[in-house]
Structures are given as C-alpha cells and as structure tokens.
Amino acid sequence: NSIDLPLQVAAGSSTEAVETDVSKALETVEKYLASSKRTYMVGDSLSLADISLAVSLNSATLAAAKPSDGSVLGEWQAMMTPQIETPSTASGGGSGVLLNGPAPPVENKLYRRNRIRIKEILASNEYLNQTITVAGWARTTRNANKGQLLFVELNDGSTGESLQCVLDAEKTEGFAECKNSGGTGASFQFVGTLIPSQGAGQAVEVAVTTGKLLGAVYGGDLEGLEIGGNLYPMSKKAHTLEHMREHAHLRPRGRVHAAAMRIRHAMAYATHTFFHNNGFLYIHTPILTGADC
C-alpha cells in the first residue's frame with residue numbers, strides 16, 4: 001500500500017531518486033486538485049482512485065511522500081481519511097468503505113504444507129529458538145571455513161526477502177549432498193533451529209540440522225548431465241530486463257519481476273474486493289463470434 005516502497009524495490013533506485021519522482025508526482029496531483037477544484041479524484045463520490053491515493057499517503061514512510069500542512073493535497077488527505085476504513089479500524093464500526101487490505105494468513109484446511117513460509121518467519125518472533133522446516137530455491141550459496149560451512153540464501157516465493165540457512169559439515173545431516181547442488185536455482189528442504197543471526201545483513205537465520213536437496217542445477221555442461229551452475233541462466237548478480245526476457249520461465253525468481261507481480265496482485269485484489277464489498281459481481285461475458293469452432 002505504500003507509495004514509496006514498491007518504487008524502490010521495482011526500480012532499484014536510491015532513496016534520493018525515489019523522493020524526487022514522488023515529489024513530482026505529488027506536485028502534479030496538487031495542481032490537478034487546485035485547478036479542477038474537485039472534492040474527489042474522479043466523479044462526484046468516493047472511488048477507488050481516492051481510496052488508493054489516500055491509503056498510499058497515509059502509509060508512506062518517505063518524507064517526500066507526505067503532503068505539507070496547509071497544502072491543497074494535505075487538506076484533501078485530511079478530508080478523505082475519515083471516509084476510509086482501513087483494516088486496523090475496520091472493527092470500530094465506522095461508516096467508511098471497507099478495505100480488506102493484505103490477504104490474511106493462510107490457514108491450511110484441505111492440505112498440509114509441512115513447512116513454514118519464510119514470510120511468516122520474518123513477520124514475527126514466534127518461531128525464534130524453535131525447530132522449523134523451510135523449503136524453497138537458493139538465490140545464492142557460499143562456502144566458508146575451508147568448505148566446512150555452507151550458507152544458503154533461501155527464498156520460497158512468499159515474500160521478496162530471503163532467509164539465510166547455515167549448514168555445518170559436522171552438525172548437518174545431508175551436508176555433502178546439499179553442497180553439491182549446483183548453487184543458485186537449486187531447491188532445498190531444511191530442518192533446523194531459528195536463531196538470532198551471528199552476522200550482518202539479517203536478523204535471524206536457520207542453523208540446519210537436516211538438509212535435503214530436492215532439485216540440483218544441471219548446468220555444468222551443454223548436455224545438462226553434470227551438476228553445476230556455469231550454464232544456468234540465473235546467478236548471484238543482478239540481471240538485465242533483456243536477459244530475463246530471454247528466460248521468461250525464470251522471471252518470478254528475479255527480484256524486479258517478483259516485486260512487479262506482487263504489486264499487480266495487490267492492485268487486482270484491492271479492485272475485486274472494492275467492487276465485491278459494494279455489491280458488484282465479477283463475470284465473464286460471452287464473446288459473440290462468427291467462428292465455428
């Protein structure tokens with residue numbers, strides 16, 4: 001819902017560049033409201049455009065994304081906010097438009113995931129110092145301590161963030177198999193204890209006791225018979241959009257495309273929820289065609 005964070009993630013820009021772009025965008029909106037003397041962005045009643053902008057402004061963290069006091073946009077935001085019922089105030093019985101916000105945590109009813117999603121692990125300290133099971137794909141792998149330690153940056157698609165998993169040759173069952181995985185792109189299942197991270201860059205990490213290689217990367221030779229990452233399209237470094245266009249099936253594993261897909265999901269979810277809460281039905285109308293097929 002933030003007006004600034006998706007831009008940073010998707011574009012990989014610096015904070016200064018994002019602040020400049022956001023300031024220009026808010027200036028445009030300010031001029032539009034001042035010149036048109038409108039109460040609402042579109043039409044004569046509250047619409048999804050008003051809700052999206054107001055929620056973005058309320059949740060923005062960059063100073064540049066916050067309208068100044070006394071400005072036209074600031075007054076508009078103050079007027080819109082009481083008309084919008086956010087998830088944190090939805091239970092207060094207000095009369096605003098209901099926003100369901102992010103999808104609630106998934107409760108397994110018809111199946112068992114047999115693992116904990118990385119999104120849920122990083123969201124709270126509930127699993128700290130507990131034995132957990134995680135699974136996903138390696139974004140990066142790194143050997144240390146003369147090959148006695150293996151660091152795996154694991155991502156399962158539930159969030160843009162990754163979870164560091166540490167394997168020890170003396171303490172981790174299946175260490176040799178996991179070490180010979182091919183690196184980036186390999187899939188694993190780890191069982192271990194979630195502990196405070198001993199290094200910089202992450203708050204927690206998993207001290208793996210049991211590691212299972214689910215899928216190795218066979219990119220060591222042209223025939224695809226040798227485990228290795230030399231010919232695998234994904235690597236530790238960032239990739240250009242042109243490179244990802246040539247390997248479209250791997251786009252969800254790239255940070256830029258993954259961020260864009262999450263933004264698209266959030267926008268589609270908010271749109272469908274808004275119309276559903278206001279009594280509309282989503283239907284697929286029949287296509288009239290003369291083709292006999």
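The values are calculated or read from the model by the stated rules, or taken from the named source; none is laboratory data. Here the structure is a predicted model, which means the values were calculated and not measured. All Cβ positions, even for glycine, are placed from backbone atoms using ideal geometry, and neighbour counts span all protein chains on display. Surface accessibility is based on the protein's heavy atoms, side chains included, excluding ligands, DNA and RNA. Shrake-Rupley method; radii C 1.70, N 1.55, O 1.52, S 1.80 Å.
Annotations for the structure displayed:
- Of everything listed in (1) touching a Leu at 6+ places or on another chain (Cβ under 9 Å); (2) open to solvent by 90 Å² or more (accessible area, probe 1.4 Å); (3) closer than 20 Å to ALA216 by Cα, the single unmet condition for GLU173 is (1).
- Only one entry of SER187, SER197, SER158 meets the criterion of being under 24 Å from GLY228 (Cβ atoms) and in contact (Cβ under 8 Å) with a residue 12 or more places away in the chain, and that entry is SER187.
- Selection within segment 48-80 - of a type in the set (S, T, N, Q) and at pLDDT 80 or above: SER71, GLN77
- Hits in segment 252-271 - residues which are of a type in the set (D, E, K, R) and modelled with pLDDT of 85 or more: ARG262, ARG264
- Condition check for LEU194: aliphatic (A, V, I, L, M) and either crowded, with 18+ Cβ neighbours inside 10 Å or at pLDDT 95 or above (or both): yes
- Where MET234 falls short, out of the listed (1) in a loop (DSSP other than H, G, I, E, B); (2) open to solvent by less than 80 Å² (accessible area, probe 1.4 Å); (3) over 18 Å from ALA138 (Cα atoms); (4) not aromatic (Phe, Trp, Tyr): (3)
- For the condition open to solvent by 90 Å² or more (accessible area, probe 1.4 Å) and at pLDDT 85 or above, GLU205 does not qualify.
- Filtered residues of segment 211-225 (kept if at pLDDT 85 or above and surrounded by 14 or more Cβ atoms within 10 Å (Cβ to Cβ)): GLY211, LYS212, LEU213, ALA216, VAL217, TYR218, GLY219
- Only one of the numbered conditions (1) open to solvent by 50 Å² or more (accessible area, probe 1.4 Å); (2) over 22 Å from THR271 (Cβ atoms); (3) at pLDDT below 75 is not met by SER13, and that is (1).
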